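Here is the structure we will look at, set down as structure tokens.
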Amino acid sequence: MMPQSSMIDLLSATRKLPASWWPNELTPGVAAALATAFLPLMLNDYQLQVMWVAFYLAVLAISWNLVAGYGGMFSLAQHALATIGGYSSAAAVLALGLPVWWGVVCGGLAAALLGYLLGHATLHLRSLYFAIATWVFAEVARQLITINYEITRGAMGLQVPYLFSTLDPIAYFYLFLGLLLVAFGASAILLRTKLGYRIQAVRDDEELAIANGVNAARAKRTIFAMSAGMAGMAGAMYGHAVGLLAPSQADFSQMSLIIIAAVLGGYRTLWGPIIGAILIQAVAEMLRFSQEGRLVIFAALLIVVFRLYPQGVMGALKILATLLRRRRQAEGKTQ
Amino acid sequence: MQLLLQSLTLALLNGAIYALMAMGITFIASIMRIINWSTGEFYMVGSFAHLALLTVIFPALGLTLPMAWLLSALLAMGLVFVLGMVVQRTLIAPMHRPGTQAFEYATIMTVALSVLLQNGAIMIAGPNQYSVPDYMRPILLEDLEIVLNGSRVASGLAALAIILLFYVLLYRTSLGLAFRGIAQNRLAAETAGLNLKTMDMLAFGIGTGLCAVAGALLAPVFLVHPLNGAAATMKGFEIIVIGGIGSLGGAVVAAFGLALVEGLGATFYRAELQQLYGFVFLIGFLVFRPQGLFGHRERRV
């Protein structure tokens, strides 16, 4: 919990927004995205494929970090919302015959709508119950997709059309790079709006925020639905990039992967989820273990890092930066 | 009639083991105010420890005991009790550090732990299913013309005995009094001189130990494999929400209730929906009565 004084700062800030809507973090973000855009010149097709999967995981981790890290709503349904986005898009494309891009939009909207309803039903619960309720939602979604195999083809997997006519990973690399930039920019900007300050005030002390006139329930629902929409759209794009949907995408291990990526990189930081997702994908490629071996390494890595630096890699970097600054100051004094 | 009796008895026996599992989760939740998401993995570790003791270590030592399965299940419980205490002390206790949100910290840590244990078990034991020798021969009740699975009867009775022992611990000893005090109000209990650090460690050990013994007792029925904890976790969560998080009596009642509904539903309605009955109850309770059957609000000092 934050000290009270900074709480009050946050609340007064809801009345006085920063002068510029452009967040400081967004400039290096755009620069990094531009630099990454030249990577295909150096990488082969396989590496590009690995990269865009990391970007997809990063988008999911960003959307979860928005809800759990910044909003204080410890949801365990992000992976299920992404899966629902994927299946909704498939329904729009296969059953209604809409173009694939419209399917992606439908997937995002369907997930946002379900997220809004889920939030409406569960956000008044205490955190213990809320975590269980979202976990149940995810499990029910997975089981329903598996059971209704006449429609979803169950565990066999549902084939869906590709987004692009080419299978060249460069197209998907740029697609997910763009999505990642949009997700990063959107959450950075969102956190500087009134809604962004409100949700952070609610996270730090809900009763105090309500006493200061914040409609906590509405702020939480809105953020939850936005994050669900982000996850759903990413899930729909992923489905059309791989060409196959399966209920295993709503498996709890996928949720653990999202948590590992976000927390390893830095919980409640903007860059953390991206760093974490790229880090674990890089570790996975370097070690070339079986799927289980990778998960063991990720989990062990997370336990060690989180035990020592609860702020993850970003926290470690911050500590390093402060140490360097202090040393420089000390040197300045001695000279 | 036989069918009804048979499914009723099986449901009662299942209920006892569900109850062990759910009590493990709800006890930790009531003392530490966290959910242990690696519950299922401690269950799995318990069943593997039981398997190793029963099929490798006992024969290697040349032990041939009449009730070896019970001894090995209890030993597995003891092992996981110690493991749970070590895990709590090293990984979960830091949740009380200043500036840390305890619930978030514990959730992240136990989710990571569950990934580690589950996939570690797959790496070590392979994705195989192992079985243990039956605890007892099938029981034939000739008057009623029912055949009962002997292992189920044996493990159900053992589970009932452990539940009784746990109740004695909670309601007839000073340690139990301390636990009940902490469950009512942590701050007041600490003011009264209880060492919460030690008590948290003990509670986590006991909770995981209960899950482990459930895993060991269920080994002949649900087999031993690295993913057997997942189904058990699901049941455990359904039961604690129905019974009310933190309420042990609620967990026992809900466990038997759920086992009955599942058993009868699978026999007389549709078997493929067996896994979903619990979910229906769970959602109903979360929406209409989130405190569960017997849950109550925490008392303040």
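The values are calculated or read from the model by the stated rules, or taken from the named source; none is laboratory data. Source: prediction; values computed, not measured. Every residue, glycine among them, receives a Cβ derived from its backbone with ideal geometry; neighbour counts consider all protein chains shown.
General remarks:
- Within segment B:207-226, tally of residues that are assigned to a helix (DSSP H, G or I) and buried (at least 24 other Cβ atoms within 10 Å of the Cβ): 12
- Qualifying residue in segment B:68-75 (condition: surrounded by 22 or more Cβ atoms within 10 Å (Cβ to Cβ) and modelled with pLDDT of 90 or more): no
- Per-region count, segment B:234-246, residues at the interface with chain A (Cβ under 9 Å from one of its Cβ atoms) and in a helix (DSSP H, G or I): 5
- Test: residue in segment B:50-68 that is within 30 Å of B:Val253 (Cβ to Cβ), more than 14 Å from every other protein chain (Cβ to nearest Cβ), in a helix (DSSP H, G or I) and not hydroxyl-bearing (Ser, Thr, Tyr): yes
- Filter pass, B:Leu260 being closer than 27 Å to A:His120 by Cα and more than 13 Å from chain A (Cβ to nearest Cβ): no
- Within segment A:198-220, the set of residues being closer than 21 Å to A:Gly115 by Cα and within 23 Å of the chain's Cα centre (by Cα) comprises A:Arg198, A:Ile199, A:Gln200, A:Val202, A:Arg203, A:Ala216, A:Ala217, A:Arg218, A:Ala219, A:Lys220.
- Residue in segment B:192-201 that is within 14 Å of another protein chain (Cβ to nearest Cβ), at negative phi and part of a helix (DSSP H, G or I) present: no
- Only listed residue being touching a Lys or Arg at 6+ places or on another chain (Cβ under 6 Å) and more than 10 Å from chain B (Cβ to nearest Cβ), chosen from A:Pro247, A:Pro273: A:Pro247
- Residue count for segment A:287-318 satisfying the condition of being closer than 18 Å to B:Pro94 by Cβ, of a type in the set (A, V, I, L, M, F, W, C) and within 14 Å of chain B (Cβ to nearest Cβ): 9.
- Taking the conditions (1) at pLDDT 80 or above; (2) within 28 Å of B:Met95 (Cβ to Cβ); (3) surrounded by fewer than 20 Cβ atoms within 10 Å (Cβ to Cβ) in turn, B:Gly236 satisfies each one other than (3).
- Per the listing B:Pro138, B:Pro94, the residue uniquely facing chain A (nearest Cβ under 9 Å) and farther than 25 Å from B:Gly229 by Cα is B:Pro94.
- Matching residues, segment A:250-261, being at the interface with chain B (Cβ under 9 Å from one of its Cβ atoms) and in contact (Cβ under 8 Å) with a residue 60 or more places away in the chain: A:Phe252, A:Met255, A:Leu257, A:Ile259
- Qualifying positions in segment A:145-185 - touching a Gly at 6+ places or on another chain (Cβ under 7 Å) and either at pLDDT below 75 or in a loop (DSSP other than H, G, I, E, B) (or both): A:Val160, A:Tyr162
- Which listed residue, of B:Leu218, B:Leu210, B:Leu170, B:Leu223, is farther than 29 Å from B:Leu51 by Cα and among the aliphatic types (A, V, I, L, M): B:Leu170
- Test for A:Gly103: is it under 28 Å from A:Leu191 (Cα atoms) and assigned to a helix (DSSP H, G or I): no
- Any hit, segment B:115-123, residues being out of contact with any Ser or Thr (no Cβ under 6 Å at 6 or more places or on another chain), β-branched (Val, Ile, Thr), crowded, with 23+ Cβ neighbours inside 10 Å and assigned to a helix (DSSP H, G or I): no
- Residues that are of a type in the set (Ser, Thr, Tyr) and either under 19 Å from the mean Cα position of the chain (by Cα) or more than 10 Å from chain A (Cβ to nearest Cβ) (or both), drawn from segment B:97-113: B:Thr107, B:Thr110
- Criterion: of a type in the set (D, E, K, R) and surrounded by 15 or more Cβ atoms within 10 Å (Cβ to Cβ) - qualifying residue of B:Arg97, B:Arg89, B:Arg172: B:Arg89
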